[in-house]
Amino acid sequence: MTSSDEFRKFLSSPWLTVSLAVITICLLGTGGSVPSASSPVQHVDVSDVTSTSSPNTSTSTAIGAGVNASAISSVDACSEDALADLRAVLRNDPESVGLRPITVSGVTFAGLDDTLLSESFRGHQIAFLGDSTLYHLNRWIHTLLLATDSSTLSNLSSMDLSAANTILRPVEENLDFHITKTIISADGTFIRFTGIVGVGGLCNFGTHWRRIRMYPPKVLVANFGLHWLHFTGQGWNAEVCDVMRWIKYEEWLEETLRAAEKVGAETLLFKTTNLICAEKYDGEYAQGNKLYMARDKDTLDSCFNDVRGSIPAEVEDDRIWSYCYNGTFNEIGAAHLNQRLVEFVMARRNTTKLKVGIFNDHDIESCSYTGELDGRHYHALNLVRIRLLGNVLKCFL
């Protein structure tokens, strides 16, 4: 059996019913031209789309939790099925429809334009807590709100994705930006990132909770996942605290929820862990992926022994074996954390005053939009991710 056969067998096992359908889909975007300033906004009608996600098992099941129906023109735009269909369309053709208004299954979603930015970001207090996958999203939001001229903003929703990236990437790269850069403006806008960027995990969130308390947000968007995965013995040995964060992932989710309550937030969105395209790996990571995907006995035994000897004795052996099998730095690891996230949100969304949901950008990511030797960042999709976040925020604000 090949590693890909083993992967498919693993994902179809009855205890892991997760329908994150873009595990192996790698769609190549097409080119596009920049429209003139007078170009009309092009509306895309894809009403006959059928989502590849199952509404009963997908990450989408938690998206609609706690939505505010009065904040949008149609409550249907916040249904779990409609948002799943939107993600399917954005994944399948981000180049042509990623920024444009879309009608999916009879529901119209706004494209990325000044109106969406005003409704979902301007005048709102939003904090991002996470790793580089949220840091770069925050940079691009700052680019749009602070450094992009009104003419470009008015034309975004009629552009192909590549054309918009060509215009805005140099602006983003030249942005004077610190890791904790904050937008604070007279109209009430407050947008800030806190977290880590680069190699390494994060064990103690105390500093970041203090930063968030300095400017209490109404919306908290949080994610950690990639940094708590591993290829133990094969190029990525996690620190003990990172292993424990993975094993006790639900405790971090609960810690985040309680912290959001404490600072007075009204909405908490957990971001999914990014799609991981391990075919982009080389060297040690590629070898590690090959061995873990093949369920190589020596590799797994070595992982168990290394972890067992370094973490507290009270941690059960079964949880260590699960970490070695399911915590790997590939799509198995990402899908496993995302399934646990769904289960947590489904269990807690009706037990808190917070409006709790999931910002599922995992399901719009595909391998053609991540670089060689990377496999987990999707810089070319940041504008589409902002558009999706804007569509989701309209359901909560």
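Just so it is clear, none of the values below were taken in a lab; they were calculated from the coordinates. The shown structure was predicted, so the numbers you read here are calculated from the model rather than taken from an experiment. Positions of Cβ are backbone-derived with ideal geometry, glycine not excepted, and every protein chain shown enters the neighbour counts.
Determine if region 358-367 includes at least one residue that is in contact with an Asp or Glu (Cβ under 9 Å, 6 or more places away or on another chain) and either surrounded by fewer than 16 Cβ atoms within 10 Å (Cβ to Cβ) or among the aromatic types (F, W, Y) (or both).
no
Would you mind finding the one in R122, R100, R169 that is under 23 Å from the mean Cα position of the chain (by Cα), farther than 19 Å from F359 by Cα, not in a helix (DSSP H, G or I) and not acidic (D, E)?
R100
Return the only residue of P312, P216 being over 26 Å from M346 (Cα atoms), outside any helix (DSSP H, G or I) and not small (G, A, S).
Answer to the selection: P312.
Which residues, counting only those in region 265-287, are outside any loop (DSSP other than H, G, I, E, B) and over 15 Å from T133 (Cα atoms)?
If the condition is that a residue be outside any loop (DSSP other than H, G, I, E, B) and over 15 Å from T133 (Cα atoms), then T267, L268, A278, E279, K280, G283, E284, Y285, A286, Q287 are the ones that fit.
Tell me, which residue of region 320-353 that is in a loop (DSSP other than H, G, I, E, B) and touching a helix residue (DSSP H, G or I) at 6+ places or on another chain (Cβ under 6 Å) is farthest from A82 (Cα to Cα)?
G327
Mind telling me which of the residues L146, L129 ends up being surrounded by 24 or more Cβ atoms within 10 Å (Cβ to Cβ) and among the hydrophobic types (A, V, I, L, M, F, W, C)?
Among L146, L129, only L129 is surrounded by 24 or more Cβ atoms within 10 Å (Cβ to Cβ) and among the hydrophobic types (A, V, I, L, M, F, W, C).
List every residue pair whose Cβ atoms lie under 7 Å apart, where the two residues are 6 or more positions apart in sequence or sit on different chains, the first residue falls within region 239-252 and is surrounded by fewer than 16 Cβ atoms within 10 Å (Cβ to Cβ), and the second residue, located anywhere, is among the polar types (S, T, N, Q).
That search, which allows pairs on different chains as well, returns V240/S310.
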